[in-house]
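J.: Here you go, one structure.
The values are calculated or read from the model by the stated rules, or taken from the named source; none is laboratory data. What you are looking at is a predicted structure, and each value in this text was computed from that prediction instead of being measured. Note that we place each Cβ from the backbone using ideal geometry, even for glycine, and neighbour counts take in every protein chain shown. To get the accessible areas, we keep the full protein, side chains included, count just its heavy atoms, and leave off ligands, DNA and RNA. Shrake-Rupley method; radii C 1.70, N 1.55, O 1.52, S 1.80 Å.
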Amino acid sequence: MAKSSKNRASKQNYVSQDQLGIEGFESPFSRKLNPKNRWVVLSRNIPWDILVSTYNSALGNSKTGAASINARVAIGSVIIKHICDLSDRETVQQIQENMYMQFFLGYSSFTDEPPFDPSLFVEFRKRLGVEQINKINELILGLGSEGYHAKSSTQDRAGVVKKETLPKQDGGEVVTHFGKMITDATACPQDIAYPTDLNLLNDAREKSQLLIDTLYKKVLHKKKPRTDRKKARKEYLQTAQKKVKSKKAIHNAVKKQLAYLRRNISSIHKLWDSYQKIPLDRNEYKYLLVIQTLYDQQKQMFDRGEHSVDNRIVSIHQPHVRPIVRGKTNAKTEFGAKIQATVMNGYTFLDELSWEAFNEGTCLISSVEKYKVRFGFYPEYVLADKIYCTRANRKVLKDLSITLRAKPLGRPKAVDEKHVSPGERNPIEGKFGQAKTAYGLNRIKARLQATSQSWIASIILVLNLVKLAGEALLCHVVLVTYSARQMKFEPWLRNRQPQLKLAA
């Protein structure tokens, strides 16, 4: 009988650190790696050739300059980062110290040298855009022409399965509807300070002062424009540091910061006129445009006594971030991107990603069509929230012979009919919770718009990789898996990719 884990504690006696040297420490490389280790299992379930070719295609065919970093190292490092929810710097350090992670990245032997500089993660995310990651996600699951059966005649070049490969009914007719699609939307909060009008105006004012310092030259300008930065800072702190701020105090403070910012913007344009060409670099010019837009929005809301405006800027450093009203108790408004995802057979697919708030009900039919492109047939059932169940969507789904598992329209009948149970949509809610709790979807720390989108898509990819590897406990989070053996879809998927072992 196997001993319990409680009885496996180390029986070694304590040895003073003055007596234990590095030379006497037994190296683990005299033994073989554990084949059941999660990184070993995951490395064998990932078609690295597909990922590398997709990554290299984003680099182009340039033959000049230094050679790029190994594509497997780049992609694998992104996967390690999100699976363990580490920072860029900590990810590089963990790879440097962990032999199993190095095996996962394709190293032939252990090395104590860092694989690359942590700042290169930004370049990795730029090269791995949303489209590339979504393509990798589908190819890994055998849904693309470059998958395990790339040379098979049963798939066309678009990655859509031909009708003769679909499961057939008893009469021999091709099944045009199969599977269950669960869809929902969520917000991905960005790692920014909570935006208030007063704080935003103060940040814009301070940035405008730095732009004035950059533009002012004694040779071109007689006198440096007045900014009153000390006075403006003092007036801002008088209100910002109060524990309880009245509406009148906030109104007066915002009014003063608007006046300072308006004068600074006017001074910037006067200094600009003395130059023959653009005197600011790309980053500084971007800040100037953001500051001017922010001032126009804040002035409009101040004059109208409102607190909302179209395309509202909530961060001068990340102007692409928008407020997403969710109506939740702890966070009525979140600031970041909004995504819509679908779950089929336990695997997650990213259908929509937008920085503007959108009505997810308008995206249901497009998600159904994307389902057909991925699998070659429409879903038999669609499980969606109340916001998706509009009359227009119901009519389209009815025309497509798709059953909508949701509460019917009209008054409830006297006899209860089983339309949908409360727990049927739990898989997608669990996926969102897993992504936010374990893999950092609740706090996107990338700063650029493109890198933030890549961050989000990478987390969706990691969700599928974890399920693909069959690891039930990664990042100390219990992953509730759904038995693929109980679903009719498993035999069809295994026929398409026999080398791929689904997590049972």
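J.: Could you count how many residues in region 377-399 are touching a helix residue (DSSP H, G or I) at 6+ places or on another chain (Cβ under 7 Å) and surrounded by 16 or more Cβ atoms within 10 Å (Cβ to Cβ)?
T.: If we filter region 377-399 for residues that are touching a helix residue (DSSP H, G or I) at 6+ places or on another chain (Cβ under 7 Å), which is where we start, we get 378-379, 382, 384, 387-388, 390, 393, 396.
Narrowing further to those that are surrounded by 16 or more Cβ atoms within 10 Å (Cβ to Cβ): 378-379, 382, 384, 388, 393.
Of the residues in region 377-399, 6 are touching a helix residue (DSSP H, G or I) at 6+ places or on another chain (Cβ under 7 Å) and surrounded by 16 or more Cβ atoms within 10 Å (Cβ to Cβ).
J.: Filter region 328-351 down to residues that are over 26 Å from VAL368 (Cβ atoms) and not in a strand (DSSP E or B) and give me whichever is least open to solvent (accessible area, probe 1.4 Å).
T.: Checking each candidate, the answer is ALA331.
J.: Any chance you could count how many residues in region 53-77 are modelled with pLDDT of 85 or more and of a type outside the set (Gly, Ala, Ser)?
T.: Count: 4.
J.: Oh, and also: Conditions: (1) at pLDDT 80 or above; (2) open to solvent by less than 70 Å² (accessible area, probe 1.4 Å). PRO28 meets all but one. Number of the miss?
T.: (1)
J.: Turning to a different aspect of this structure: Would you say GLN298 is open to solvent by 20 Å² or more (accessible area, probe 1.4 Å), out of contact with any Lys or Arg (no Cβ under 9 Å at 6 or more places or on another chain) and either in contact (Cβ under 8 Å) with a residue 40 or more places away in the chain or in a helix (DSSP H, G or I) (or both)?
T.: Spelling it out, it is not the case that GLN298 is open to solvent by 20 Å² or more (accessible area, probe 1.4 Å), out of contact with any Lys or Arg (no Cβ under 9 Å at 6 or more places or on another chain) and either in contact (Cβ under 8 Å) with a residue 40 or more places away in the chain or in a helix (DSSP H, G or I) (or both).
J.: For region 97-113, what are the residues that are open to solvent by 60 Å² or more (accessible area, probe 1.4 Å) and in a helix (DSSP H, G or I)?
T.: Across region 97-113, the qualifying residues are GLU97, PHE103.
Condition check ((1) modelled with pLDDT of 95 or more; (2) acidic (Asp, Glu); (3) under 33 Å from the mean Cα position of the chain (by Cα)) across all residues:
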{"position": "LYS163", "(1), (2), (3)": "no, no, no"}
{"position": "ASP170", "(1), (2), (3)": "no, yes, no"}
{"position": "ASP184", "(1), (2), (3)": "no, yes, yes"}
{"position": "LEU198", "(1), (2), (3)": "yes, no, yes"}
{"position": "ASN202", "(1), (2), (3)": "yes, no, yes"}
{"position": "LEU220", "(1), (2), (3)": "no, no, no"}
{"position": "TYR236", "(1), (2), (3)": "yes, no, no"}
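J.: Among the residues of region 88-145, how many are touching a Gly at 6+ places or on another chain (Cβ under 6 Å) and of a type in the set (Gly, Ala, Ser)?
T.: Going through region 88-145 one residue at a time, the tally reaches 2.
J.: Return the pair list, or none, for Cβ contacts closer than 9 Å from residues in region 361-382 that are under 20 Å from ILE339 (Cα atoms) and part of a strand (DSSP E or B) to residues that are basic (Lys, Arg) and at pLDDT below 95, at least 6 apart or on different chains.
T.: VAL382/LYS180; VAL382/ARG405
J.: So ARG44 fits all but one of (1) at pLDDT 80 or above; (2) open to solvent by less than 100 Å² (accessible area, probe 1.4 Å); what number is the exception?
T.: (2)
J.: Next question. Residues to consider are LEU261, LEU271; find the one that is modelled with pLDDT under 95, touching a Lys or Arg at 6+ places or on another chain (Cβ under 9 Å) and under 20 Å from ASP213 (Cβ atoms). Quick ask: steps written out before the conclusion?
T.: Details: LEU261 fails: modelled with pLDDT under 95.
Unique residue meeting the criteria: LEU271.
J.: Of all residues in region 301-318, which are in a helix (DSSP H, G or I) and acidic (Asp, Glu)?
T.: The answer is ASP303, and nothing else.
J.: Check PHE124, PHE116 and return the single one that is closer than 27 Å to ASN37 by Cα, under 24 Å from the mean Cα position of the chain (by Cα) and in a loop (DSSP other than H, G, I, E, B).
T.: PHE116
J.: Does region 445-457 hold any residues that are closer than 25 Å to MET344 by Cβ and open to solvent by less than 10 Å² (accessible area, probe 1.4 Å), and which are they?
T.: Taking region 445-457 as the starting set, the residues that turn out to be closer than 25 Å to MET344 by Cβ are 453-457.
Within region 445-457, SER454, ILE456, ALA457 qualify.
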